[in-house]
1. If I take R0 = 41 Å and measure r between the Cβ atoms of residue 48 and residue 129 in this structure, what FRET efficiency does the formula 1/(1 + (r/R0)^6) give, to the nearest 0.05?
2. Residue 597 to residue 396: extension gain in nm, 0.36 nm per residue of separation minus the Cα-Cα distance?
3. Which whole-number percent is the relative contact order of region 418-509 (Cα, under 8 Å, 6+ apart)?
4. Set the Förster distance to 41 Å, then compute FRET efficiency between residue 75 and residue 606 from the Cβ-Cβ distance, nearest 0.05.
5. State, to one decimal in nm², a quarter of the convex hull surface area for the C-alpha atoms of region 47-132, i.e. the direction-averaged projected area.
6. With a point put 7 Å past each Cα toward its Cβ, work out how far residue 13 is from residue 533 in nm, to one decimal.
7. In whole angstrom, note down how far apart the Cα centers of region 387-438 and region 14-34 are.
8. If you build the Cα gyration tensor of region 523-570 and take the root of 5 times each eigenvalue, what three semi-axes come out, in whole angstrom, biggest first?
């Protein structure tokens, strides 16, 4: 929950006053359970210092409100229903920043999901039971448990630093207020102390920081839930949108700015246009029209173009971004078209067939070769049996490849905008790239197949396909053929948009993966002989290492072996670690033919992969 922003980024009192006005409007609409006119909102708020001019200016300038049939409603009532229910529920609560009465919350969810509020009224109380991530500060209300100070870390607390770390509280959110908390006697037992403290600091503070300041004064008996109840229901403190708290005295100070805020430069014509704007609703007839447009095209169409062509909605409309997302959501859920990420759509059945599978050249063959005693030559070890740091080497992004990569972890919500990638020989032959070379989240995780545009340094553009399931980028063949290096060419990609990437190649190569044209031809010849003579991978590794008497680093050896025969990094690491004839010297792997007769290192038996 991002409730500490106001304490981390200093805000002027005038800006806080605007936030206070938004809070009053939000509270009015969430309690009304339905859209209201600006005049109705003003009457409901019932404050002499909150007139209709202030209401209309705040409604127009705040991102939390939108108009519907010349009435105003909350944007959160149009949350994306493809999100999880838990996501939308927490989004509703976190935006408001304070507990919501379950009856009001049920109405909000009814607006989102178009199901009777009674359904949610029956279900929501059960969310406070067990470990569901919610609690009831007082009966009938609901709030996320993430708002409570977490004192249940897996280790024993030894001091304040651990509590701050566990709760993502910054030092400057609490340390300046120690003295004020002590003077006010901040505690659960004395709710008045909360307002006294808030009066003393004269600024907003998030609920977790408040709880921490009270906890440090009496850690043995402190209850986060009990303190939050005192803050919410007994203290008289005022919550602002997002979850920060101020004293009633400070709220009165902010209200003194209301007359000035109502005079902001927002002309009446703009307000009238905003109030008249209605979020796009796509019915069956409109959806059919959109589908027909896509199916008639046989090429990629963009949602922004469809929005303007079919609905005459242009970027100058106040609801443009939301309407665009509404259209994208409607089309993405229809099986007659294919959503390709961003705004891109194509008719179902028009995608090239080759982007749905891993090309055969990239497959790793299963080979089995027995020695004279009937033992497997190409043995596999568990990683615990690897020597010379190979357990680290195999995890390098450049060592991994399609069908031979680590499990994909959680998507990074803030990935870097630039990526460096290296072209391997077998990928250059067919114009593909493995996604394992890119940071998590560099490309969108959904949908399964993305269409994007690569832009070369000279301005040339070409389409590429990104398949999140096969973990490959397709469509690079023509460009790859213009690169003179067979293996190891380095280029960088800069993400300009989720479907547009600028590509730079400056004749750079990765030293550990660069293989000369002559050497590539030698390796291909070895590959043909390995296939004809059914050589085990062990023999391929020996022959390659005999060619490089000074030794090879793991990544270089892996690159050469894969030109001969697609081989997993684990198999290569196992062979290097299992046979006496391979050893490491100065960071490079060396082959000693004199030790060939010693065969398998029997001490590695306990590590054999079962």
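1. Calculated transfer efficiency: 0.40.
2. 69.1 nm
3. 37
4. The pair residue 75/residue 606 has a calculated efficiency of 0.10.
5. For region 47-132, the mean projected area of the Cα convex hull comes to 7.1 nm².
6. Label at residue 13, label at residue 533, 8.9 nm between them.
7. One Cα centre to the other: 48 Å.
8. Its equivalent ellipsoid spans semi-axes of 17, 12, 9 Å.
FYI, it's all coordinate maths here, none of it is from the lab. Predicted model, so just to flag it, every value in this text is computed and none were measured. Every residue, glycine as well, gets a Cβ built from its backbone with ideal geometry; the counts of neighbours run over all protein chains shown.
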